[in-house]
Amino acid sequence: MSNLGLRQRDAATVAQIGKLRFSPLSLIGGRGNRLVEEGGRQLLDLSGSAGPAILGYSHPGVAEAVARAARDMAGASLLLYPNAPAVTLAERLLALTPGTGERRVWFGHSGSDANDCALRVVVHATRRPRIISFIGSYHGNLSGSMGISGHTAMTHTLPRPGVLLLPYPDMYRRRFSAEDVLAQLDYHFETSFPPDQVAAVFLEPLMSDGGFIVPPPGFLAALQARCRRHGIKIVVDEVKVGLARTGRMHCFEHEGLSPDVVVFAKALGGGLPISAVVGPKEIMDCAPAFALLTTAGNPVSAAAANAVLDAIEAEGLVERSARIGRLLQDGLRALGDRHGIVGDVRGRGLAFGMDLVADRATHAPVPATTTAKIIYRAYELGAAMTYVGLKANVLEFMPPLTLTEDEAREAVAIVDQSIADVHAGKVSDEQVASFMMW
Ligand code: PMP
């Protein structure tokens, strides 16, 4: 073993293509809503590890369920044999996801493979080759899910043939209104994009990695109505914002949507890898042995997911994310009175962003260095944070839903101090040079 610190060993071994580093934080443990860095310092986690840590770290229910399932493993592959935790989980997901008629659940490992699967099955089942998605959307990092994403992180790959990327209407920067986008869609339908060739629209009910863009009221419902008229399936990507995070069990409930297919991942496993696609039997059973991943639906990950669903219910996390989310959002929004850089705080429940601006009148975003410096300073002051947005100017808030009121106040104080300290020049360009990865 080397004497180097974790950071240096990470830099020397783990490929750049598979990581985002926003600060020097290197982990040796985690308990509750705190991450433990090398050396033993504990930091308040405002990132939720980008979503999975819905219950924080080492939640006793998850730890116990995982230990039990691992001590007596009911196989290692749902592909070959049904196992009790996975079948129970499928039953529970069907019960908590609205829908009519016979439906089925597919299991994978990550949001990327789940969106990949959803894409492949809707195209195959409908025999329609085209897909609608949005500029700024992030549906995954595998060939299929990447090809229907519109995030700036995906510009090194080509879009899937037959995908139409629409602008996502943004009420803050107002480049495109909901009406503009619907008019664009109508025009595409009338001209080069025949709606009867479109299998599905993939949508994020709250665009997250694209910068926490809340859709204008009624926009997604109007889009859904347009698509329904043409038999186009509605696929809702709940990967980042689903399962109690936004003050509802499903984020799409805020928009009054009735999706055909719902995609879950991240929070579902509480940190263990598991994803799920829930959809109509005629789509999910469109062909036998069509989307096979050997260890998907393994009993350990499935047991973790069952424990997550138990905790959501037992700990009242739907109500809690709404309440703590309001407190945290209000506290951060109030910082706008003192810091001109705070342009907008928006999102739902405990899934929201702070949009940092160089100019409040024009809403011009700050450069990525400024965002990175605030995150760096927050790290020094004791909080783990990340950023999103197509211009890298949106601080992401995805803390565990178990965040307490005191911790929410602590978070506001750290962000307040970080912004003030960066304004005062306490973080240099050199310090953050390696922390702007997307
Ligand atoms: N969908 C959405 C909405 C996401 O935010 C992400 C990841 N940021 C994904 C899919 C991909 O999930 P994963 O990284 O678990 O593959």
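The values are calculated or read from the model by the stated rules, or taken from the named source; none is laboratory data. Remember, predicted model here, so these are calculated numbers, not experimental data. Heads up, the Cβs are rebuilt from the backbone with ideal geometry, glycines too, and the neighbour counts pull from every protein chain shown. When the accessible area is computed, the model is the full protein with side chains, heavy atoms only, and any ligands, DNA or RNA have been set aside. Shrake-Rupley method; radii C 1.70, N 1.55, O 1.52, S 1.80 Å.
At a glance:
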item	result
Pairs with Cβ under 6 Å, 6+ apart, first in the stretch 120-144 and touching a residue at least 24 places away in the same chain (Cβ under 8 Å) and in the same structural domain as VAL263 (by TED's automatic domain parsing), second of a type in the set (Lys, Arg) and open to solvent by 30 Å² or more (accessible area, probe 1.4 Å)	VAL122/LYS233
Test for SER275: is it more than 21 Å from SER77 (Cβ to Cβ), open to solvent by less than 10 Å² (accessible area, probe 1.4 Å), among the hydroxyl-bearing types (Ser, Thr, Tyr) and touching a Leu at 6+ places or on another chain (Cβ under 7 Å)	no
Failed item, numbered, when ILE17 is tested on (1) surrounded by 13 or more Cβ atoms within 10 Å (Cβ to Cβ); (2) of a type in the set (Val, Ile, Thr); (3) within 20 Å of the chain's Cα centre (by Cα)	(1)
Residues satisfying the stated conditions in the stretch 237-266, i.e. in a strand (DSSP E or B) and either within 17 Å of VAL318 (Cβ to Cβ) or not acidic (Asp, Glu) (or both)	VAL261, VAL262, VAL263, PHE264
The stretch 298-325 residues that are closer than 22 Å to ARG409 by Cβ, paired with ones that are part of a helix (DSSP H, G or I) (beta carbon under 6 Å, 6 or more apart)	ILE324/ALA408
Residue within the stretch 81-89 that is under 21 Å from the mean Cα position of the chain (by Cα) and assigned to a loop (DSSP other than H, G, I, E, B) present	no
Pairs where the first residue, in the stretch 217-240, is in the same structural domain as ALA267 (by TED's automatic domain parsing) and closer than 17 Å to GLN197 by Cα and the second is away from the ligand (no atom under 16 Å from the Cβ) and among the aromatic types (Phe, Trp, Tyr), C-beta under 6 Å, 6+ apart	none
Selection status of GLY162, closer than 27 Å to VAL394 by Cα and not hydroxyl-bearing (Ser, Thr, Tyr)	no
Pairs where the first residue, in the stretch 189-203, is over 16 Å from GLN224 (Cα atoms) and the second is open to solvent by less than 30 Å² (accessible area, probe 1.4 Å), C-beta under 6 Å, 6+ apart	PHE193/LEU164
Complete set of residues in the stretch 379-430 that are open to solvent by 20 Å² or more (accessible area, probe 1.4 Å) and of a type in the set (Gly, Ala, Ser)	ALA413, ALA420, ALA424, GLY425, SER428
Pairs, first among the hydroxyl-bearing types (Ser, Thr, Tyr) and modelled with pLDDT of 95 or more in the stretch 257-277, second within 10 Å of the ligand (Cβ to nearest atom) and part of a loop (DSSP other than H, G, I, E, B), C-beta under 7 Å, six or more apart	SER275/HIS109; SER275/SER110; SER275/ALA265
Candidates LEU43, LEU25, filtered to the one that is within 26 Å of THR371 (Cα to Cα), part of a strand (DSSP E or B) and away from the ligand (no atom under 16 Å from the Cβ)	LEU43
All positions within the stretch 109-122 that are farther than 15 Å from HIS230 by Cα, more than 10 Å from the ligand (Cβ to nearest atom) and in contact with a strand residue (DSSP E or B) (Cβ under 8 Å, 6 or more places away or on another chain)	CYS117, ALA118, LEU119, VAL121
Only listed residue being away from the ligand (no atom under 15 Å from the Cβ), surrounded by fewer than 22 Cβ atoms within 10 Å (Cβ to Cβ) and among the polar types (S, T, N, Q), chosen from THR126, THR152, THR157	THR126
Search result, residues across the stretch 197-253 that are more than 19 Å from LYS266 (Cα to Cα), open to solvent by 10 Å² or more (accessible area, probe 1.4 Å) and within 16 Å of the ligand (Cβ to nearest atom)	ILE213, VAL214
